[in-house]
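For reference, the structure is listed below as structure tokens.
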Amino acid sequence: MQEEIENKTVNVAITMTKLTARGIVWGMQKAVVYLGKRHASKRASGPHGKQTVKQLIGHSQGVTTIDIAKTDIRGFGRIARKYGIDYAIRKDPGSDPPKYVVFFKAKDSDAMTAAFREYTAGVLGKEKRPSVIVKLRELVEKARAMPHRVLEREKERSR
């Protein structure tokens, strides 16, 4: 956490006997140069995670594709970030039910296979789970089949 604070904070220390406008401008120019160098070093490594197809192809590595349903795009993104996979999602305009094509690449093929193993296990697990609505309807039918008990409450007045 301390490292995050240090990365987001810029300290400008100017030693002067008299603080002038020229001294403030000089200090701010030095801070801008420093931040520009830090930002340039981050850009040199390239974007990571979700990005456009053009950026993904620009990494000069092979790109692989897979089709996924619209309902689980967020789940795929979560797993891809977990394993450090760069990916881009594009909607296939030609299909009647919308399909999405995911372009992805990873430096390590083991990370990619582990990510897809986890993703497919999650998708299959969701399909095997019974629907909550179906369970609720079954419970309502069971409750209707039970005999109704009438609770009689007698109110007695006493002194």
task = Give just the number: which of (1) under 17 Å from the mean Cα position of the chain (by Cα); (2) more than 17 Å from residue 52 (Cα to Cα) does residue 88 not satisfy?
result = (2)
ask   = Quick one: residue 143 ticks every box in (1) small (Gly, Ala, Ser); (2) in a loop (DSSP other than H, G, I, E, B); (3) without any contact (Cβ under 8 Å) to a residue 40 or more places away in the chain bar one, so which box is it?
value = (2)
query = What residue, among those in the range 112-140 that are of a type in the set (Asp, Glu) and surrounded by 10 or more Cβ atoms within 10 Å (Cβ to Cβ), is farthest from residue 62 (Cα to Cα)?
reply = 138
Whichever residue in the range 94-140 is in a helix (DSSP H, G or I) and aromatic (Phe, Trp, Tyr) and, among such residues, is nearest to the chain's Cα centre (by Cα) = 119
request  = Using the structure shown, decide if residue 61 is under 30 Å from residue 123 (Cβ atoms) and at pLDDT 75 or above.
outcome  = no
query = For the range 82-98, which residues satisfy the criterion of being loosely packed, with under 15 Cβ neighbours inside 10 Å and charged (D, E, K, R)?
reply = 82, 90, 91, 92, 96
query = What number of residues within the range 106-142 satisfy the criterion of being in contact with a helix residue (DSSP H, G or I) (Cβ under 9 Å, 6 or more places away or on another chain) and at pLDDT below 80?
reply = 4
Cβ pairs under 6 Å, 6+ apart, first in the range 17-35 and surrounded by 10 or more Cβ atoms within 10 Å (Cβ to Cβ), second assigned to a loop (DSSP other than H, G, I, E, B) = 23/14; 23/16; 27/12; 27/14; 31/10; 31/12
remark   = Among (1) among the hydroxyl-bearing types (Ser, Thr, Tyr); (2) under 18 Å from residue 76 (Cα atoms); (3) surrounded by 10 or more Cβ atoms within 10 Å (Cβ to Cβ), residue 109 falls short only on (3)
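The values are calculated or read from the model by the stated rules, or taken from the named source; none is laboratory data. Keep in mind it's a predicted model, so treat the numbers as computed, not measured. So basically every Cβ, Gly included, is an ideal-geometry build from the backbone, and we count neighbours across all protein chains shown.
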